[in-house]
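The values are calculated or read from the model by the stated rules, or taken from the named source; none is laboratory data. Bear in mind that the values here come from a model prediction, so they are computed numbers and not experimental data. Methodologically, a virtual Cβ is constructed for each residue, glycine included, from the backbone with ideal geometry; neighbour enumeration extends over all protein chains shown. When the accessible area is computed, the model is the full protein with side chains, heavy atoms only, and any ligands, DNA or RNA have been set aside. Shrake-Rupley method; radii C 1.70, N 1.55, O 1.52, S 1.80 Å.
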Amino acid sequence: RLMAGLDRPDGGTVEVPARRAIVFQGDRLLPWQRVLPNVTVGLHGPDAGPRAQTALGEVGLADRERAWPKELSGGEAQRVALARALVSDPELVLLDEPFAALDAITRLRMHNLVHALRRQHHAAMLLVTHDVDEAIALADRIVVMSSGRISTSHSVPLSAAEREASVSREDLRAALLT
């Protein structure tokens, strides 16, 4: 919440890039707007529409720009929310448990999509999750919070193949759970 600018620190300073975006657990789509206007929320200028169309294409929803939010599956709605975050070309994307309400298969697809978008956009991404396996699958670094403070920090030096191998993951998983 501090990094998003939603709360103010009660001491010290928090330095974050000015260009940042948030993807919440719920998609937070405007039900009275179709998909394309939901992606352009906050964008101005003549290139807003084309940028939103590009972002929808990046998340695999180029053909859904005229759909209403109620016509979307949970995974599609979260991809629209992700497109809305990326369309502003942020330096930092904050992801607040964005996959928690998704089924297992859709969640894995979203993990792959986030990896691809991270490489494509070169934005730093901070993911909040309670799912240890999700953290291992997506993170370069895992920070564990306890009572509102950082209790431990772990680097994730695993390759994509090692992240899939249960033996490599189990060592890191054990360290995180202790």
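When the dipole is taken about the Cα centre of the chain, and only Lys, Arg (+1) and Asp, Glu (-1) are charged at their Cβ, what size is it in debye, to the nearest 20?
360
Given H placed on each backbone N at 1.01 Å, which residues far from VAL23 in sequence or on other chains put an amide H within less than 5 Å of it?
So VAL23 has HN proximity to LEU94, LEU95, ASP96.
Full extension from THR13 to THR54: what is 0.36 nm times the residue separation minus their Cα-Cα distance, to one decimal in nm?
11.2 nm
Looking at the square roots a ≥ b ≥ c of the eigenvalues of the Cα gyration tensor of the range 13-142, which shape do they give, rounded for a/c under 1.5, prolate if a/b is larger than b/c, or oblate?
Cα axes put the range 13-142 in the oblate bin.
Would you calculate, for the chain, the mean residue ellipticity at 222 nm contributed by helices, counting each DSSP H stretch of 4 or more residues as -39,500 (n - 2.57) and dividing by all residues, to the nearest 500?
Value at 222 nm, helices only: -12000 deg cm²/dmol.
Just to be sure I understand the model, the point goes 7 Å from the Cα along the line to the Cβ. What's the resulting ASN112 to VAL143 distance in nm?
Spacing of the two 7 Å Cα→Cβ label points: 3.1 nm.
Which percent of the accessible area of the chain is formed by carbon and sulfur heavy atoms (probe 1.4 angstrom)?
52
Please return the longest range in the chain lying between exposed loop sites, taking trypsin sites (Lys or Arg not before Pro), DSSP loop only, at most 13 other beta-carbon atoms within 10 Å, and leaving the sites out.
Here the longest segment lacking exposed loop sites spans 67-178.
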